[in-house]
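Visitor: Got a structure for you, questions after.
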Amino acid sequence: MTAPSSSPVREPAWPVSRSAIGLWVTQGVLGTLLWAALLVPALLLLPTDDLPLSLLPWVGPVLLVLYAGVAIGLEPRIRYRVHRWEVTGEAVYAVSGWLTRTWTLVPISRIQTVDVTRGAVQQLYGLATIAVLTASSSGTVRVRHLPADVAERVAADLVHRAEQVRDEAT
Amino acid sequence: MTGPVVQRTSPRVVLLHTVTFKQARQWVPIALPVGAAIGFDSGLTTVAALVLAVTLLSATSAALAWWRFGYTDGPTSVVVTRGLLARSVRTVPRDRIRGVEVEAPLLHRLLGVVRVRIDAAAGATTGEGEEVLVDGVTSAEGERLRAGLLSRRSGATADAAGAAPAAEPPAEEELARFDPRWLLYAPLAGSYLAVPVAAVGALFRLLDELPRDLRPDVDGVQLSGWTAGLLAAAAVLVLLALGAVAGAAVVNWGFRLVRRGGALVADRGLVTRRHTELEVDRIRGVTVSAGLGLRWAGAARVSALVTGLGDAQRRGQLLPLGPRDRADALAAQLVEDPGPLRRHPAAARRRQVVRAMTPGAVVTTAAAVGAVLAGWWPVLAVGIVLLLLGVPVGLGRYAALGHAAGPRSFAVRRGWVVQEKAVLQRRAVVSWQVRQSPFQRRAGVATVVACVGAGSGAYSAVDLAAEDVAPFTRAASSDWAGTLAG
């Protein structure tokens, strides 16, 4: 089992698409480029004459390299190990996060709507996100980065089953 | 046209809206530049003409609005038609009506009319109710609307058109009645203390706008020494307390909560009388909350968590202010008490204390460096005080934590500045969320969030022992939560 032994609840059974790693790496690269684009003008504007300030221009680049290392090298791999999902006979269950983990469980009888979204980067990798919404604004399950065809199929199946077991006690 | 006829509001509303400039207010942005162009300073006649023009404008727009406003109270839906140029027709199916509120502000009361607010939750996903407002019907008509809308909506029982609302008075059970002595709690509640502060703020803004020669001259008063300062502070405190009591009295005067058939009915207010109805079937739970001051005095307030209720903060109130034991008893009458709360593990106490001390630790560390380099000794002292204060705060936060699962309901409690205990029905849970940060993982605890389609939408048990998570979720909802245990 990939999960740490101290996990408070059972881990969902199925991993997300393997291409999600590539997608997270892409997002890390984009984030790094964005920070770099912000950093360069800041470096040009900084005064460099004072002696105690002479170390200051180095702070930004060092932080940027650290960020890039974490966001590109580390985070995607950890995320791939953490993110899992499962649809059981009664509920939709998913876990996400990389440092702080969030497990969400929604019974099929309480599903209000099911959304499938495909972001710009996701389309490059042929991935999609399923969002299962309930009557509570905080009780949403999001399963990110499933193969698009799987996502469509699962969403249709969930909507169909929700119609049959919907109860009014929301 | 078949079916019920289109009804109008009382013509008295025209007078009401003329006086309050209700419709005319939207013309203010246009009127101001016009007025400025004419010039305000050309003497008394101009001012009189302006006042007359504004009043006429207000009366005309109020009359037009009244003329174009109609409502139909049909067997399956309520239709409200309005709008001068762009007509808007809003249809609310009866089965979507979640509550009806009858309000009578002071001017309305003088004219014998009321305002009826019909609450209709549109989509449950947004969590926002949509309101339909029928302003200015006679009190009798308002009462008829309310009784008719609510009785025919629930269950469509044999309620023939002829059955007058007064003919079938369902059994009434009084659940709470406001005792004027409870007003003494008001100065201890933050929200009521804010009332006089806001009033003083408004007063100062008014003073600012007065011409200089009209302002009271307070510069001449000499304040010197400690006694004067203390006196002033004491006076401010007394005024704040009086203001809070007065504010609470105005809002809550004559508060009464009764159960009438399948609905909870709350009446309240000194100047504006409010009448709120909640359907018992839609209640998913209650919260009993109390700030530091209220806890010290042994007081609390109770709110209902109702699905699809707009403005739930105000309308869900079941007991605005009252003794703790009364609050608990009222809560237990509506949602079964799940039994005594269980404490959270020792790791939770450690975490709460550490978290409460963190800001102090940061300040102390920074100040220690600063003290050595630049002599920031006062800052260091502040940091140490903050650090030490963190201990009681953390212990207080830990003491507030608790959870319990009973046969039909469950409870979670948290919060130190404002402690809130939520007691929820098992059927209320629409989803479970379990969160664990790296620190929580090391400490072997996790936070469990019960997501509910009512109230704030999420009620958490913070820092539950990791091994208790699955049993608690299973015990507090149905079989489906067994998925977490695996």
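The values are calculated or read from the model by the stated rules, or taken from the named source; none is laboratory data. Keep in mind that this is a model prediction, so the values were computed, not measured. Because the Cβ atoms are built from the backbone with ideal geometry, glycine has one as well, and the counts that use them run over all protein chains shown. Ligands, DNA and RNA are stripped out before the accessible areas are found, and what is left, the full protein with its side chains, is counted by its heavy atoms. Shrake-Rupley method; radii C 1.70, N 1.55, O 1.52, S 1.80 Å.
Rundown of residues vs (1) more than 11 Å from every other protein chain (Cβ to nearest Cβ); (2) open to solvent by less than 10 Å² (accessible area, probe 1.4 Å); (3) not in a loop (DSSP other than H, G, I, E, B), yes/no style:
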site	(1), (2), (3)
A:ARG77	yes, no, yes
A:ARG81	yes, no, yes
A:GLU86	no, no, yes
A:TRP98	no, no, no
A:VAL106	no, yes, yes
A:VAL116	yes, no, yes
A:VAL132	no, yes, yes
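Visitor: Now for a different question. Could you run through the range B:312-368 and say how many residues are closer than 30 Å to B:PHE439 by Cα and either hydrophobic (A, V, I, L, M, F, W, C) or crowded, with 18+ Cβ neighbours inside 10 Å (or both)?
Guide: Number of matching residues: 21.
Visitor: Now for a different question. Counting just the residues of the range B:406-421 that are of a type in the set (A, V, I, L, M, F, W, C) and either surrounded by 21 or more Cβ atoms within 10 Å (Cβ to Cβ) or at pLDDT 95 or above (or both), which one comes out farthest from B:GLY190 (Cα to Cα)?
Guide: Out of the qualifying residues, it is B:PHE410.
Visitor: Between a first residue in the range B:84-97 that is in the same structural domain as B:ILE118 (by TED's automatic domain parsing) and a second residue that is open to solvent by 100 Å² or more (accessible area, probe 1.4 Å) and among the basic types (Lys, Arg), which pairs have beta carbons less than 9 Å apart while being 6 or more apart in sequence or on different chains?
Guide: Hits for this filter: B:SER88/B:ARG82; B:VAL89/B:ARG82; B:ARG90/B:ARG82.
Visitor: For the range B:413-430, which residues satisfy the criterion of being part of a strand (DSSP E or B) and more than 14 Å from chain A (Cβ to nearest Cβ)?
Guide: B:ARG413, B:ARG414, B:VAL418, B:GLN419, B:GLU420, B:LYS421, B:VAL423 - these are the residues of the range B:413-430 that are part of a strand (DSSP E or B) and more than 14 Å from chain A (Cβ to nearest Cβ).
Visitor: Another one. Please specify each residue of the range B:265-321 satisfying the condition of being under 29 Å from B:VAL430 (Cβ atoms) and part of a loop (DSSP other than H, G, I, E, B).
Guide: The answer is B:GLY308, B:LEU309, B:GLY310, B:ASP311, B:GLY316.
Visitor: Here's something else I'd like to know. Quick check on my filter: what residues within the range B:81-121 are open to solvent by 50 Å² or more (accessible area, probe 1.4 Å) and charged (D, E, K, R)?
Guide: Residues satisfying the conditions are B:ARG82, B:ARG87, B:ARG90, B:ASP95, B:ARG96, B:ARG109, B:ARG115.
Visitor: I would also like to ask the following. Condition (residue is among the polar types (S, T, N, Q), at negative phi, open to solvent by 50 Å² or more (accessible area, probe 1.4 Å) and at pLDDT 80 or above) applied to the range B:1-8: is it met by at least one residue?
Guide: Among the residues of the range B:1-8, at least one is among the polar types (S, T, N, Q), at negative phi, open to solvent by 50 Å² or more (accessible area, probe 1.4 Å) and at pLDDT 80 or above, which makes the answer yes.
Visitor: Counting only residues that are more than 23 Å from B:ALA399 (Cα to Cα), more than 9 Å from chain A (Cβ to nearest Cβ) and either open to solvent by less than 10 Å² (accessible area, probe 1.4 Å) or assigned to a strand (DSSP E or B) (or both), how many does the range B:473-486 have?
Guide: Summing the residues that are more than 23 Å from B:ALA399 (Cα to Cα), more than 9 Å from chain A (Cβ to nearest Cβ) and either open to solvent by less than 10 Å² (accessible area, probe 1.4 Å) or assigned to a strand (DSSP E or B) (or both) in the range B:473-486 gives 0.
Visitor: Quick one: is A:SER17 surrounded by 14 or more Cβ atoms within 10 Å (Cβ to Cβ), in contact with a Pro (Cβ under 7 Å, 6 or more places away or on another chain), polar (S, T, N, Q) and at pLDDT 85 or above?
Guide: Against the criterion (surrounded by 14 or more Cβ atoms within 10 Å (Cβ to Cβ), in contact with a Pro (Cβ under 7 Å, 6 or more places away or on another chain), polar (S, T, N, Q) and at pLDDT 85 or above), A:SER17 qualifies.
Results for (1) at pLDDT below 80; (2) in a strand (DSSP E or B), shown as yes or no for each residue.
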position: B:GLY123; (1), (2): yes, no
position: B:THR126; (1), (2): yes, no
position: B:GLU131; (1), (2): yes, yes
position: B:VAL137; (1), (2): no, yes
position: B:GLY142; (1), (2): no, no
position: B:LEU145; (1), (2): no, no
position: B:SER151; (1), (2): yes, no
position: B:ALA156; (1), (2): yes, no
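Visitor: Residues in the range B:282-297 that are farther than 16 Å from B:ALA399 by Cβ, open to solvent by 30 Å² or more (accessible area, probe 1.4 Å) and either away from every other protein chain (no Cβ under 14 Å) or in contact with a Gly (Cβ under 6 Å, 6 or more places away or on another chain) (or both): how many?
Guide: 1
Visitor: Then there is this: Being open to solvent by 70 Å² or more (accessible area, probe 1.4 Å) and modelled with pLDDT under 80, is that true of even one residue in the range B:56-69?
Guide: no
Visitor: If A:ARG161 meets every condition in (1) open to solvent by less than 40 Å² (accessible area, probe 1.4 Å); (2) basic (Lys, Arg); (3) more than 25 Å from A:GLN27 (Cβ to Cβ) apart from one, which number is that one?
Guide: Looking at each condition in turn, A:ARG161 falls short on (1).
Visitor: With A:TYR93, A:TYR125 as the choices, which residue is at pLDDT 90 or above and either acidic (Asp, Glu) or under 16 Å from A:PRO15 (Cα atoms) (or both)?
Guide: Exactly one residue qualifies, and that residue is A:TYR93.
Visitor: Identify the residue in the range B:443-472 that is in a helix (DSSP H, G or I) and more than 8 Å from chain A (Cβ to nearest Cβ) and, among all such residues, is surrounded by the fewest Cβ atoms within 10 Å (Cβ to Cβ).
Guide: Filtering first and then ranking leaves B:PRO471.
Visitor: Hey, another quick one. Pull out all pairs, ordered by first then second residue, where Cβ-Cβ is under 8 Å, the residues are six or more apart or on different chains, the first lies in the range B:242-260 and is within 23 Å of B:VAL197 (Cβ to Cβ) and among the aliphatic types (A, V, I, L, M), and the second is open to solvent by 50 Å² or more (accessible area, probe 1.4 Å) and in a helix (DSSP H, G or I).
Guide: Filtered contacts from the range B:242-260: B:ALA244/B:LEU193; B:ALA244/B:VAL195; B:VAL245/B:LEU184; B:ALA246/B:VAL195; B:ALA248/B:VAL195; B:ALA249/B:PRO180.
Visitor: Right, something else. Check off (1) more than 11 Å from every other protein chain (Cβ to nearest Cβ); (2) part of a strand (DSSP E or B) for A:GLU152 and give me the number that stays unchecked.
Guide: So A:GLU152 meets the others, but not (2).
Visitor: Here's a check for you: in the range B:431-442, which residue that is within 7 Å of chain A (Cβ to nearest Cβ) and among the polar types (S, T, N, Q) is surrounded by the fewest Cβ atoms within 10 Å (Cβ to Cβ)?
Guide: B:SER437
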